[in-house]
Each structure stands twice: as structure tokens, then as C-alpha cells.
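First the structure, in the form of C-alpha cells, and then the observations on it.
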Amino acid sequence: MKKWFKHPLAYVAIILAMVCGLIFVLAAVPGFNKLPSGTQNLRVVVLDQDQSSVSKNIATHLENKLPFKMVTATSLANAKRQLNTRQAALIIQIDKGFYQRVTRGQAPKLTYTVNQSNGLLQNMVTKNVTTQVTTQVASQLTTAKVTQMLAQSAGKALMQKQQAVAKQQVKQQLQASLAKSPQLAQQPAQLKKLQQQAIARVKRQQQQRLMPQVKKQAAATAATLTGQVATTTTKLHALPTNYQYQFAPMFLNLGAYLGIMLMSLVLTLMFMSARHVIGKWSALLAVQLNGFIGVLVAPLVTLGTLRCLISFSSSAFWQLFGVQVLFGLAVFEFTLAIAFLCGGLPSMILQLPLLVSQVVASGAIIPRPALNGFYRWLSTHTPMPQGVYSTFNALYGGANSGYTSALWWLISLSLLAVILIGWLGYRSTKTNPLSRLVPFTAGN
């Protein structure tokens, strides 16, 4: 027993346990420090198709009250483009005829358009926003400002109905004035001024007489609208309610990343030993070929298993296969470059926190706009987020929005880094302890 605890590996094992726990805490927990306030960075598009005084007031009220980045769109097609590319989280559409339904005492209509091909938190936030908006609009319709707008509308309508009566009253007043002063008929300027005075007088009389009726009608209309907002939710890309579908993109890419990272570590150790036997560039070419085969074979197994758990079409399978191969190549070259730089196993000190940080930044749990600056940068410059969003697109729909091009850039830059590190960093002809961990002899 004493000999056991004299061996340094006994203490290395304890240190590994502590370091791994520390890495996960330091790499993951800070990613949530902007929540829940970070969700205020989500963009919500307001599309006013009615363009009436009431609908404009509602749109302004929502922009001022809701804790999100409220933007307006000029057309539904433009708004849907923003939603499809994940620039926006929700479309609030004030339908045409909103004002007419308000004045008729009917429930006005709102249409929400959502893209469910997103992470869990964003979908939950979007659902809560629709509830908040419905409540806000219902309460806003009975405010004094809206009641005043309704009163103005009702007043105009009643005045139009009373136009014939008003004309008759103006005519009678002019005739009375001419009967008193017949000479006014020969003075056009005075006659015109007299007519204008008569029109203004009749208008004031009508307003005074009709105002109680207008206020009563407007208040009654507003009162009938309390809690009566008709809503419709349309889904640009629908997601099944089963949470297996929600979390499939994250775990598929997490498993692929971890497996390929371990493969790159093993191949790095083989390279460090084999380069002394078959030559550095031959060994590097073998590493690349070995990695490419692994990247091609692994998705066939994982996707076949995934299809046994959740349902998706054969076309989605092959689209997903293409995504996983591209993602796998990016991960392989990315992790291989780090492994080459750090000499194999020591790279785990950097690889593990990078992996955990990418899980947080992947968008599968927290939407990209809700992350802090560091994790938002990671979400655009590392493989995992691109793979997760591309998987959402392949399974459920969505625009590419640069995910594929980002993976190609990562492959190119990482491959270049591997070649440079292999050329500059592995010149020694002497073996070292790390290169002897995986023995490689001519007989192999």
C-alpha cells in the first residue's frame, strides 16, 4: 500500500479530478452571467400592416414597454427573411383591418410568426413574449389615448352623417342674414365671410350637441375590447414538442466534437512516434488520411442511431450527413492544430475548456444575442456553434447565414496551422517521453 502512494500517478489522478471540475466551472458558468437580462438583446420585429392611428399607437407602445430590441419592417417578406436567418426572434404582425375591428367593437387581430428551429431558451422566451404582447395590447386598447382616438373617429363618422343637416342649417342662417341685410348679396367678399362664419358656428353647435354621444360610444367600444385580442401563431419552421428533437442538435455535435478531439490526440501521439520511422511529411499525410476516414465513417453510425430515436426524412439524413462531415473536418483540423501546438496530451488543458465553452456558445441552450462578448465571439469563430445551427437547419429548416463558410474558413486556417507547426515545431530527430507513449516501429 505504501508503494502505491509513493507512485506519482496516484497524485496525478487526484489532480486530474480537481482540474477537470475546475475547468468545467470556469468555462461554463460565466457563460450564463448575462441571463436573464441578456435576452433583452433578442430582436423582435413589429410589422404594422394597418397603418392606422390606433395601430401606430400600439406599435409605439410595444417598442417602449417590451424589454427587447424592437425593430420595424416594411414588408412581411423582409420580416420573414430576418426570422429565417435568425437575425430576429419573433414577428409581431398587426393585421390589416385592425382599426376597423376596434371601431366596430370586435376583437382586433394579431399574428405572431416564430422560427422554432432554435435553442431551448430562445423558444421559451419567444412563447412568453407572445403572451406579454397580447396582454399589453389588450390593456392598451382601453387607455384614455385610444379612447380619444376612437372618439375622434366616432365624431368624424357622426359629423359625416350630419352633413346634410349642417348644410341646411348654414343655408338657413345665410338666408336669415340676407333677409336682415339684403345689400350683402351685392358684396361677394362679405357674403363669403358670412358663409364661413355660419359654417364654423354650425360646426361648433354640432360638436357640442354630439360630444356626449361620441364619448359614450367610444367608451363603450373600448370597454368591449378588454382581454379580447384575437391571436394567431404561425411557425416558419416547426419543432416537434418532444424534447428529444430539441436537444438532438446539441448532443449530436457534442458527441462528434468529443470523439474527433480524442481521435486527433491519438493521431498526434502516433505522428510524434511515426515521424522518426516513416518521415515527418509521410506521417502528417497519414494523420490527415486517417482523420478524413474517421470523419466520413463516424456520422454514418451516429446519424443511423439518431434516426432510430427521432424521425426525419432520408433527404434530411443525407443533408445532415454532409453537415456532419464538414463539421467533423473543421473540428479535426481545429483540435489537431491545438494538439500539435501543445505536444499531444498537454493540449487537454486547453482543449477541455474550449469544448465546454463552445457548448455554452453553441446556441443550443442560450441564443447567441444573449451571450456576453467573449462567448459571442466564440460562437462565430469556433466549430461547435456552426455545427449546431447547421444541424438545426438540416433537421428543421432555416437559412445558412454563413455557418458553412465559417466551417470552411476554420478548415483552411487550421490545416495551414497544422502544416506550419509540423514544419517548424517537429524538427528534432530524438525521441522524447511523449513520442514513446504510442510506439511505432518499422515492423508496424
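The values are calculated or read from the model by the stated rules, or taken from the named source; none is laboratory data. Keep in mind that what you see is a predicted model, and the values were worked out from it rather than measured. When we count neighbours, we look across all protein chains shown, and the Cβ atoms used for this are built from the backbone with ideal geometry, even at glycine. Remember, those area values only see protein heavy atoms, side chains included, never the ligands or the DNA or RNA. Shrake-Rupley method; radii C 1.70, N 1.55, O 1.52, S 1.80 Å.
Looking at this structure, is T103 open to solvent by 30 Å² or more (accessible area, probe 1.4 Å) and either under 30 Å from S362 (Cα atoms) or in contact with a strand residue (DSSP E or B) (Cβ under 6 Å, 6 or more places away or on another chain) (or both)? Don't jump to the end; show me each part of the working.
Details: open to solvent by 30 Å² or more (accessible area, probe 1.4 Å): yes; either under 30 Å from S362 (Cα atoms) or in contact with a strand residue (DSSP E or B) (Cβ under 6 Å, 6 or more places away or on another chain) (or both): no.
Here the answer is no, as T103 does not meet what is asked.
What are the pairs, 6+ residues apart or on separate chains, where a residue within the stretch 81-93 that is under 19 Å from L62 (Cα atoms) and hydrophobic (A, V, I, L, M, F, W, C) has its Cβ under 6 Å from a residue that is open to solvent by less than 10 Å² (accessible area, probe 1.4 Å) and assigned to a loop (DSSP other than H, G, I, E, B)?
A89/L42
Looking only at the stretch 53-85, count every residue that is open to solvent by 40 Å² or more (accessible area, probe 1.4 Å), among the hydroxyl-bearing types (S, T, Y) and more than 19 Å from R101 (Cβ to Cβ) and tell me the total.
The initial filter retains those residues of the stretch 53-85 that are open to solvent by 40 Å² or more (accessible area, probe 1.4 Å), namely 53, 56, 60, 63-65, 67, 69, 72, 74-78, 80-81, 84.
Then keep just the ones that are among the hydroxyl-bearing types (S, T, Y); that gives 53, 60, 72, 74-75.
From what is left, the residues that are more than 19 Å from R101 (Cβ to Cβ) are 60, 72, 74-75.
Count: 4.
If you take the residues of the stretch 93-132 that are more than 27 Å from the chain's Cα centre (by Cα) and assigned to a loop (DSSP other than H, G, I, E, B), which of them is nearest to G38 (Cα to Cα)? Outline the logic, then answer.
Going through the stretch 93-132, the residues more than 27 Å from the chain's Cα centre (by Cα) turn out to be 97-108.
Those left that are additionally assigned to a loop (DSSP other than H, G, I, E, B): 97, 104-108.
Values: G97: 35, R104: 41, G105: 39, Q106: 37, A107: 34, P108: 32 Å.
My answer is P108.
Quick one: in the stretch 12-35, of everything that is touching a residue at least 40 places away in the same chain (Cβ under 8 Å), of a type in the set (A, V, I, L, M) and open to solvent by less than 90 Å² (accessible area, probe 1.4 Å), which residue is farthest from I349 (Cα to Cα)? Break it down into steps so the answer makes sense when it comes.
So the first thing to find is which residues in the stretch 12-35 are touching a residue at least 40 places away in the same chain (Cβ under 8 Å), and the list is 19-20, 23-24, 26-28, 30-35.
When the remaining residues are screened for being of a type in the set (A, V, I, L, M), the result is 19, 23, 26-28, 35.
If we keep only those that are open to solvent by less than 90 Å² (accessible area, probe 1.4 Å) as well, we get 19, 23, 27-28, 35.
Numbers: V19: 9, I23: 8, A27: 12, A28: 15, L35: 28 Å.
Applying the filter and picking the extreme gives L35.
Only residues that are touching a Lys or Arg at 6+ places or on another chain (Cβ under 7 Å) and among the basic types (K, R): list them for the stretch 83-100, please.
None; the set is empty.
Does the stretch 40-50 include one or more residues that are among the aliphatic types (A, V, I, L, M), surrounded by 14 or more Cβ atoms within 10 Å (Cβ to Cβ), in a helix (DSSP H, G or I) and modelled with pLDDT of 85 or more? Give the derivation first.
The initial filter retains those residues of the stretch 40-50 that are among the aliphatic types (A, V, I, L, M), namely 42, 44-47.
If we keep only those that are surrounded by 14 or more Cβ atoms within 10 Å (Cβ to Cβ) as well, we get 42, 44-47.
The next check asks that each one be in a helix (DSSP H, G or I); those that pass are none.
No, the stretch 40-50 has no match at all.
Do you know which of the residues in the stretch 110-124 that are of a type outside the set (S, T, N, Q) and crowded, with 19+ Cβ neighbours inside 10 Å is farthest from F251 (Cα to Cα)?
Our first condition is that a residue be of a type outside the set (S, T, N, Q); within the stretch 110-124, this holds for 110, 112, 114, 119-121, 124.
Now restrict to residues that are crowded, with 19+ Cβ neighbours inside 10 Å: 110, 112, 114, 119, 121.
Numbers: L110: 36, Y112: 30, V114: 24, G119: 12, L121: 16 Å.
Applying the filter and picking the extreme gives L110.
Which of the residues that make up the stretch 375-411 are of a type in the set (F, W, Y) and touching a residue at least 24 places away in the same chain (Cβ under 8 Å)?
Residues satisfying the conditions are Y375, Y389, F392, Y396, W408.
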